[in-house]
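The values are calculated or read from the model by the stated rules, or taken from the named source; none is laboratory data. Just so it is clear, the model here is predicted, and its values are computed rather than measured. Counting neighbours? That spans all protein chains shown, and the Cβs are built from the backbone with ideal geometry, glycine included. Ligands, DNA and RNA are stripped out before the accessible areas are found, and what is left, the full protein with its side chains, is counted by its heavy atoms. Shrake-Rupley method; radii C 1.70, N 1.55, O 1.52, S 1.80 Å.
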Amino acid sequence: MQTLSLPQARALHLAAQGLLQPLARPAQEGDVAACVQRMGLLQIDTIHVVARSPYLVLHARLGDYPPAWLEDALANGALFETWAHEACFAPADDLHLHRAYNREGRTHWGISHAQKLAAAQRPQLDALLDQIRTQGPVKSSDFVRLEGKGGAWWGWKDEKRWLEALFALGELMIARRDHFHRVYDLSERVAPALRQPAPALPPDELAAAWVEKAVAALGVTQARWINDYFRTKPRLQDAHLEALVRAGRIQRVAVEGWAAAGYVHTDHTGLLQQALAGDLVASHTALLSPFDPVVWDRERASTFFDFDYKLECYTPEAQRVYGYFVLPILCRGELIGRLDAKAHRAEGVFEVKSLHAQPGGVWTEQQVQEVAAAIRRCAAWHGTPQVRIGRTQPAKLAAALRRALKRA
């Protein structure tokens with residue numbers, strides 16, 4: 001069994017995720033779908049105090065790109081929306097896999113809630129389907145709320161709940177987004193591939209397909225981290241992977257400092273050999289979304305990067321440690337800190353409300369320069385070119401970042 005050092009494993013992980021090195025050329029429109037294909041999925045979240053998460057995840061990998069390219073990829077069928085890790089964009093090639101698992105194995109609350117609603121209100125769902133079939137795609141805003149105000153999912157108007165239920169059940173899909181608002185249409189109109197029945201996959205083959213996709217997306221992973229990537233069940237142990245190892249689809253490796261075995265997909269054999277030879281060199285610095293695949297598994301981020309990351313935007317303000325929308329800072333293969341940011345678009349200001357270096361770490365001058373440049377790039381992409389640095393930990397880091405920003 002081959003043995004990777006922890007930095008080599010980290011480099012393999014980041015290479016698989018598209019975060020080892022910056023894109024060597026300006027981004028092109030097709031890079032958006034290719035990026036999602038590489039990651040396997042792109043989580044959707046609506047918080048936009050900086051930018052909505054899917055755009056930010058792409059920016060960390062692609063650099064400056066028009067956010068409308070994501071909506072275009074959805075509208076032209078290169079991507080589709082589904083429940084997976086949570087609500088996600090996924091590559092069109094995986095449509096049948098997602099639908100099969102959502103229909104037969106997924107236990108997400110969005111799907112179980114839809115099933116209960118359908119059992120109680122099937123005539124209303126069918127009437128809405130008939131309306132869409134004859135009149136065309138709809139948005140939730142096409143329906144007037146008769147009383148009260150909207151809110152979280154339990155406060156939605158009836159039509160919004162029905163639309164979401166039909167989407168979760170697979171009877172509707174998202175045809176496009178208008179200003180990020182979903183436009184719903186019949187699934188067979190959105191994805192013509194659904195007009196023909198998909199070949200049935202035995203449960204063991206479906207489960208194996210998700211394992212392979214997760215292992216490939218992660219680059220190198222322990223068994224216990226695999227199921228969380230696509231939120232499949234059960235949580236895996238080494239014995240569950242033996243058949244795929246014997247079949248030559250994945251291979252076991254050792255990682256220094258890991259008590260458990262690591263796994264690498266055979267599609268990444270070349271990357272594995274580069275990592276073992278020390279040829280995967282991290283040179284990329286970027287601000288990551290709180291919903292970036294690299295950090296969404298707290299245990300995995302801690303094991304790879306010694307970085308304890310907890311999403312705090314849903315934590316009461318008085319209990320937050322680092323801030324509301326905290327962006328991990330990736331610098332040349334390491335997570336060296338985090339910053340709480342807000343984009344004031346009307347004023348053209350990108351506010352770094354607070355920035356914390358990793359405890360015990362002292363940034364080099366190169367790291368200060370590269371982080372300042374990453375903040376500047378992110379701010380410019382947002383259309384907020386004026387950067388305002390608030391408090392930092394350590395405190396003297398603020399002055400160093402301000403000087404670096406002036407030079408940038």
Q. Hey, any idea what % of the chain's accessible area is carbon plus sulfur with a 1.4 Å probe?
A. 52 percent
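Quick one, can you get me the convex hull of the C-alpha atoms of the stretch 330-408 expressed as volume per residue in Å³?
Details: hull volume 6.3 nm³, N = 79.
Output value, Cα hull per residue: 79 Å³.
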Q.
At 222 nm, what value in deg cm²/dmol follows for the chain if DSSP H runs of at least 4 each add -39500 (n - 2.57) and the sum is divided by all its residues, to the nearest 500?
A. -12000 deg cm²/dmol
Q: Alpha carbons only, please: Rg and Dmax for the stretch 65-184, in angstrom.
A: 14.6, 45
Q) Taking the alpha-carbon centroid of each part, what is the distance from the stretch 182-235 to the stretch 377-405 in angstrom? A) 40 Å
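Would you kindly calculate the translational diffusion coefficient of the stretch 352-394, applying Stokes-Einstein with the Kirkwood radius from alpha carbon pairs, for 37 °C and a viscosity of 0.692 mPa s, and quote it in µm² s⁻¹ without decimals? Walk me through the intermediate numbers first.
Working: Rh = 11.3 Å.
Once the numbers are plugged in, D ends up at 291 µm²/s.
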Q. Suppose R0 equals 22 Å; then what is the FRET efficiency for ARG122 and HIS181 from their Cβ-Cβ distance, rounded to the nearest 0.05?
A. 0.25
Q: From the C-alpha gyration tensor of the stretch 1-67, pull out the three semi-axes of the equivalent ellipsoid (sqrt of 5λ each), sorted largest to smallest, in whole Å.
A: 25, 15, 11
Q.
Show me, for the stretch 133-142, the HN-Hα J-couplings you get by feeding each phi into the Karplus relation (A = 6.51, B = -1.76, C = 1.60, θ = phi - 60°), rounded to Hz, glycine and proline as x.
A. 5, 8, 9, x, x, 9, 10, 4, 5, 6
**Q.** From phi via Karplus (6.51, -1.76, 1.60), per-residue ³J(HN,Hα) for the stretch 237-250 in Hz, x at Gly/Pro
**A.** 10, 4, 4, 5, 9, 4, 5, 5, 5, 4, 6, x, 7, 9
Q. Along the stretch 348-353, what does the Karplus equation 6.51 cos²θ - 1.76 cosθ + 1.60 (θ = phi - 60°) give for ³J(HN,Hα), rounded to whole Hz, x for Gly and Pro?
A. x, 10, 9, 9, 8, 5
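Nearest 0.05, what FRET efficiency do HIS344 and ALA198 give at R0 = 41 Å with Cβ-Cβ as r? Mind showing how you got there, number by number?
Numbers: r = 47 Å, r/R0 = 1.15.
For HIS344 and ALA198, the calculated efficiency is 0.30.
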Q | Average projection area in nm² (convex hull over Cα atoms of the chain, one quarter of hull surface) | A | 21.8 nm²
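Which whole-number value in Å² is the accessible area per residue of the stretch 68-114, probe 1.4 Å? Write down the numbers at each step before the final one.
Values: 1710 Å² over 47 residues.
It amounts to 36 Å² per residue over the stretch 68-114.
Determine the equivalent ellipsoid of the stretch 220-347 by diagonalising the alpha-carbon gyration tensor, then write out the semi-axes as square roots of 5 times the eigenvalues, largest first, rounded to whole Å. Kindly include the intermediate steps, with their values, before the conclusion.
Values: eigenvalues 206, 71, 31 Å².
Result for the stretch 220-347: semi-axes of 32, 19, 12 Å.
Could you work out the percent of alpha carbon pairs in the stretch 102-260 separated by over 24 Å, rounded to a whole number?
Values: 6356 of 12561 pairs.
Every Cα pair in the stretch 102-260 considered, those over 24 Å come to 51 percent.
Find me the longest stretch of the chain that has none of the exposed trypsin sites (Lys or Arg not before Pro), where exposed means in a DSSP loop (not H, G, I, E or B) with at most 13 other Cβ atoms within 10 Å.
On the way: sites that count: LYS149, ARG235, LYS310, ARG345, LYS396.
Between exposed loop sites, the widest span is 1-148.
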(Q) Straight-line reach only, C-alpha to C-alpha below 17 angstrom: list the lysines that LYS342 could link to, leaving out same-chain residues fewer than 8 apart. (A) LYS353
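For ALA380 and ARG252, FRET efficiency with R0 = 56 Å and r from the beta-carbon atoms, rounded to 0.05?
Working: r = 44 Å, r/R0 = 0.79.
Taking R0 as 56 Å, the efficiency between ARG252 and ALA380 is 0.80.
Please compute one quarter of the surface area of the Cα convex hull for the stretch 3-156 and express it in square nanometres. Please list the in-between numbers first.
Working: hull surface 52.6 nm².
Mean projected area for the stretch 3-156: 13.2 nm², to one decimal.
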**Q.** When each of LYS213/LYS233; LYS116/LYS157; LYS213/LYS310 is checked by Cα-Cα distance, pairs over 23 Å
**A.** LYS213/LYS310
Q: List the extent of the Cα atoms of the stretch 22-61 along each of their three principal axes, largest first, rounded to whole Å.
A: 29, 20, 16
